[in-house]
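The block underneath contains the structure these notes are about, expressed in structure tokens.
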Amino acid sequence: MAFVPAAPAALRSSSLHGTSVCAAPPPAVASGRIPLRAAADRARGKAASRGGRSSRKPRAVDAPTFIKDLKGRTLWSIRRATPDDVPAMQRLSGDVALPTALLSSLVEAKSRVCLVAEAPVVVGGESATQTGGGASRAMARPTERKVAVPTADTVAAAAAQGGDSGADASESKTVSSGSKGGSQSQDRVVGAAVVDVSMAVRPGGGGLCKVGNLISVFVDDRLEAAASSDGAAAVSVKKVLGLAALRVMKLAGVELVTTEKKVDSPEVAYLMSLGYTEGERTSKGGKRLVQLSYNLVASSPDPGKKIFD
């Protein structure tokens, strides 16, 4: 007679009672180890016992930290504005925003005299004062560049051609990482100078000449505060940007820059600090106005900062 091995006792016992073999309890967990599901349940239970509050403070996602060089000077630069900068320029202008069509026409003018100030900033993660040596390397080598947002016309044209519309682009998109620890560095438009250049009759006769108008200068308050706290290297970003606008107008062949402001406007003191000369005062519509001018033939404004294309 053939030998038939006897079934294990556990199997015989469960078969006699009509229970499934699979119903046997799982093997005991090795000492010191907690299953993944149990660990998750335990973590949820602790969070519930605290009223759903986490002990870790939320990290600021988009709080910019302006980067300083090794000498402690805030890093920022000036360049000529492009049509892609119009949304950022409008954002900076706030309550006195110019119409989009007008601002676009000024930026796209042949003379290209509108300017923007751009600064590398650390967004998210730890601030530059908290990251030690990694921050020093980021200060010395800001590697991020802003990628312009495609316009509606560009998106429509790309979609018609079956290409990538880039609809998921953001106002400031990170191209490559310039720091560690979850933070990102990127160049951001933080200032703008809106300028207009036109032709007019030269004062005193003698044909036509180019005249300019420094319409407005806008600077992010946080950049102004950072640059003004640089100790011996402290500067006024708004003043430097205004002088740069006068400089590019002179390079474009502008002979005279003129404007008209309210007598009690704070812009009068600002323009006078740039070198404007106060002229005739008049009254229009119950408002006291003052004429201000800057002679670019007799003067050569120097912002002390390179202007990039």
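The values are calculated or read from the model by the stated rules, or taken from the named source; none is laboratory data. All values reported here derive from a predicted model rather than from experimental measurement. With ideal geometry, Cβ positions are generated from the backbone for all residues, glycine too; neighbour counts draw on all protein chains shown. SASA here: full protein model, heavy atoms, side chains in, ligands and nucleic acids out. Shrake-Rupley method; radii C 1.70, N 1.55, O 1.52, S 1.80 Å.
Worth pointing out:
- Condition check for residue 220: in contact with a Gly (Cβ under 7 Å, 6 or more places away or on another chain) and of a type in the set (Asp, Glu): yes
- Taking the criterion of being over 32 Å from the mean Cα position of the chain (by Cα) and without any contact (Cβ under 8 Å) to a residue 24 or more places away in the chain, the residues of region 271-309 that qualify are 277, 278, 279, 280, 281, 282, 283, 284, 285, 286, 298.
- On the stretch given as region 226-270, residues that are farther than 14 Å from residue 117 by Cα, without any contact (Cβ under 8 Å) to a residue 24 or more places away in the chain and in contact with a helix residue (DSSP H, G or I) (Cβ under 9 Å, 6 or more places away or on another chain) total 2.
- The one condition in (1) assigned to a strand (DSSP E or B); (2) surrounded by 15 or more Cβ atoms within 10 Å (Cβ to Cβ) that residue 243 fails to fulfil: (1)
- Pick from region 56-103, criterion at pLDDT 95 or above, part of a loop (DSSP other than H, G, I, E, B) and aliphatic (A, V, I, L, M), ranking: farthest from residue 116 (Cα to Cα): 75
- Region 273-290, subset open to solvent by less than 80 Å² (accessible area, probe 1.4 Å) and among the β-branched types (Val, Ile, Thr), residue modelled with the highest pLDDT: 290
- Identity of the residue in region 211-225, open to solvent by less than 20 Å² (accessible area, probe 1.4 Å) and among the hydrophobic types (A, V, I, L, M, F, W, C), that ends up farthest from residue 106 (Cα to Cα): 223
- Scanning region 229-240 for residues that are outside any helix (DSSP H, G or I) and surrounded by 14 or more Cβ atoms within 10 Å (Cβ to Cβ) yields 230, 235, 236.
- Within region 298-309, the set of residues being exposed (fewer than 13 other Cβ atoms within 10 Å of the Cβ), at pLDDT 95 or above and touching a strand residue (DSSP E or B) at 6+ places or on another chain (Cβ under 6 Å) comprises 308 only.
- Residues that are closer than 15 Å to residue 213 by Cβ and either touching a His at 6+ places or on another chain (Cβ under 6 Å) or not in a strand (DSSP E or B) (or both), drawn from region 269-292: 270, 271, 274, 276
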